[in-house]
Amino acid sequence: MVLAVLRKLLILCLLLPFMAQAEIYKWTDKYGKVHFSDKPVAGSQKQHLKNMTGISNPAFNLKRNAMRIKYQDKNGSMIVQGRVNNINMQFVVDTGASLVIIPPNVAKRAHISTKNAKTITLQTANGATQSYMVNISSLHINQLHQKGVRAAIQQVSPDPNLGLLGMSFLNAYKMSIDHNQQIITLEPR
């Protein structure tokens, strides 16, 4: 008798994952926002889902989205490669800078307009200076990509292609640095 009950429990346990899979419905509201529900709504479509073996939502897998960026040490500065509107340039990683700083040479090649740009005062090691504040359409550091990044147009070095990677980009990430391997790890916040 006990064995028969155990067999039935075992069969039930094996069938449970199949029974637990719910129907999922998808629809788009009048504002273009996509919704999902386990209950059908007028205009919704039933979704055919594969068996779920894990969660692939990046919000639940932040470690997997961590980006390791190799940097060069130049006189104690961490230099990384990047692209502004698909124009290659180098950045000094500067957590003390509020904004990303783009040199005028790169801004011109990247078609960043200063027309109607706000003039701001930047405090630098050499004192206060006037600069244009702009929004960069596209900023890439390795595989990391942000749109609409606030930046200032300013020459920061004799190198016409060197800028600063400041907090207007870095604020979106938790940052750790391995100075021995010269690697910066950025994880989405």
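Here are some notes:
- Meets criteria (at positive phi and within 19 Å of the chain's Cα centre (by Cα)) for residue 142: yes
- Residue match in the stretch 83-98 (condition: among the small types (Gly, Ala, Ser) and part of a strand (DSSP E or B)): no
- Residue 115 satisfies every condition listed in (1) without any contact (Cβ under 8 Å) to a residue 40 or more places away in the chain; (2) more than 23 Å from residue 71 (Cα to Cα); (3) open to solvent by less than 70 Å² (accessible area, probe 1.4 Å) except (3).
- Residue check for residue 25: modelled with pLDDT of 55 or more, surrounded by 10 or more Cβ atoms within 10 Å (Cβ to Cβ) and hydroxyl-bearing (Ser, Thr, Tyr): yes
- Condition check for residue 120: in a strand (DSSP E or B), out of contact with any helix residue (DSSP H, G or I) (no Cβ under 8 Å at 6 or more places or on another chain) and more than 16 Å from residue 69 (Cα to Cα): yes
Table: residues versus (1) surrounded by 15 or more Cβ atoms within 10 Å (Cβ to Cβ); (2) out of contact with any helix residue (DSSP H, G or I) (no Cβ under 7 Å at 6 or more places or on another chain).
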site	(1), (2)
88	no, yes
91	yes, yes
96	no, yes
144	yes, yes
151	yes, no
162	yes, yes
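- Candidates 184, 136, filtered to the one that is assigned to a strand (DSSP E or B) and closer than 20 Å to residue 104 by Cα: 136
- Residues in the stretch 51-78 that are modelled with pLDDT of 60 or more and open to solvent by 100 Å² or more (accessible area, probe 1.4 Å): 68, 70, 75.
- Flag for residue 106 being touching a residue at least 40 places away in the same chain (Cβ under 8 Å), closer than 23 Å to residue 72 by Cβ, in contact with a helix residue (DSSP H, G or I) (Cβ under 7 Å, 6 or more places away or on another chain) and outside any loop (DSSP other than H, G, I, E, B): no
- Residue 169, sole failed condition from (1) part of a strand (DSSP E or B); (2) surrounded by 15 or more Cβ atoms within 10 Å (Cβ to Cβ): (1)
The values are calculated or read from the model by the stated rules, or taken from the named source; none is laboratory data. For clarity, every value in this text was computed on a predicted model and none was experimentally measured. Note that we place each Cβ from the backbone using ideal geometry, even for glycine, and neighbour counts take in every protein chain shown. Just so you know, the surface numbers come from the protein's heavy atoms only, side chains and all, with ligands and any DNA or RNA stripped out. Shrake-Rupley method; radii C 1.70, N 1.55, O 1.52, S 1.80 Å.
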